[in-house]
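Worksheet for the structure shown next.
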Amino acid sequence: MMKLKTNICNFLTIVLSCLLFLTITSPIKAQNQSNSQQKNEFWRNVQFGGGLGLGIGSGYTNIMVAPSGIYNINPYVSMGLGIQYSYVKQSDLFDSHIYGGSLISLFNPIPEVQLSAELEQLRVNNTFTEATPKIKDNFWNTALFLGAGYRNQNVTIGLRYNILYRESNYVYSQGWMPFVRVYF
């Protein structure tokens, strides 16, 4: 079962990477335009955004940074890349470093609705400090999020579901996740 999951994830990664490459390289304009005009056309269709997170409590710290960028292929379809890093620490229990990247595709059938698919690959480095000696648990985690949200200009609020979620997953506590997505 795990081998099948890995093969599916590898296949999806390859397919999404190829689609992203083709869609970013396909909007080349006529040959009579200068290189600077072509570059300007490309950058007009690029948007940047991402997320920041900070959670602090009694002996608990959670810091997250997740920048991303998308290329608007047309008014309905966008594709992009993101990176993520987070640090989580619970005093006298554990600390965790999580980092990786994602491929994201967005579809806007009408201006107010945004559908999304995001393939995320994270490296997780956990150290459980409550045990003596300390226990290290390092692994890769793959997530495939399918989502839908309400969109108003460059802000989308919605809900997504990790179809690869398992209860033994130590990255996300559940499959459903609300999100706020902002691109400038």
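Taking only the range 145-168 into account, find how many residues are surrounded by fewer than 16 Cβ atoms within 10 Å (Cβ to Cβ), in a loop (DSSP other than H, G, I, E, B) and on the phi < 0 side of the Ramachandran plot.
5
Residue pairs, Cβ under 9 Å, 6 or more apart or interchain, first in the range 37-66 and β-branched (Val, Ile, Thr), second assigned to a loop (DSSP other than H, G, I, E, B). List them.
Pairs found: Thr61/Ser91.
State all residues of the range 90-138 that are touching a Phe, Trp or Tyr at 6+ places or on another chain (Cβ under 8 Å), over 25 Å from Gly149 (Cβ atoms), touching a residue at least 24 places away in the same chain (Cβ under 8 Å) and outside any strand (DSSP E or B); if no residue qualifies, say none.
Result: Ser91, Leu93, Thr129, Glu130.
Out of all the residues in the range 34-51, is one or more at pLDDT below 90, of a type outside the set (Ser, Thr, Tyr) and closer than 24 Å to Gly149 by Cβ? Write out each step before concluding.
Filtering the range 34-51 down to residues at pLDDT below 90 leaves 34-42, 50-51.
Keeping just the survivors that are of a type outside the set (Ser, Thr, Tyr) gives 35, 37-42, 50-51.
Add one more test, that the residue is closer than 24 Å to Gly149 by Cβ, and what stays is 50-51.
There is at least one residue in the range 34-51 that is at pLDDT below 90, of a type outside the set (Ser, Thr, Tyr) and closer than 24 Å to Gly149 by Cβ.
Which numbered condition trips up Ala66, out of (1) touching a Lys or Arg at 6+ places or on another chain (Cβ under 6 Å); (2) surrounded by 15 or more Cβ atoms within 10 Å (Cβ to Cβ); (3) not basic (Lys, Arg)?
(1)
Would you pick out the residues in the range 82-111 that are surrounded by fewer than 16 Cβ atoms within 10 Å (Cβ to Cβ), touching a strand residue (DSSP E or B) at 6+ places or on another chain (Cβ under 8 Å) and under 25 Å from Val155 (Cβ atoms)?
Within the range 82-111, Ile83, Tyr85, Gly101, Phe107, Pro109, Pro111 qualify.
This table checks each residue for (1) under 23 Å from Val171 (Cβ atoms); (2) over 14 Å from the mean Cα position of the chain (by Cα); (3) modelled with pLDDT under 90.
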| site | (1), (2), (3) |
| --- | --- |
| Ile56 | yes, yes, no |
| Tyr60 | yes, yes, no |
| Tyr71 | no, yes, no |
| Met79 | no, no, no |
| Ser86 | yes, no, no |
| Gln90 | yes, yes, no |
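The values are calculated or read from the model by the stated rules, or taken from the named source; none is laboratory data. What you see is a predicted model, and the numbers here were worked out from it, not measured in a lab. Reconstructed Cβ throughout: ideal geometry from the backbone, glycine too, with neighbour counts over all protein chains shown.
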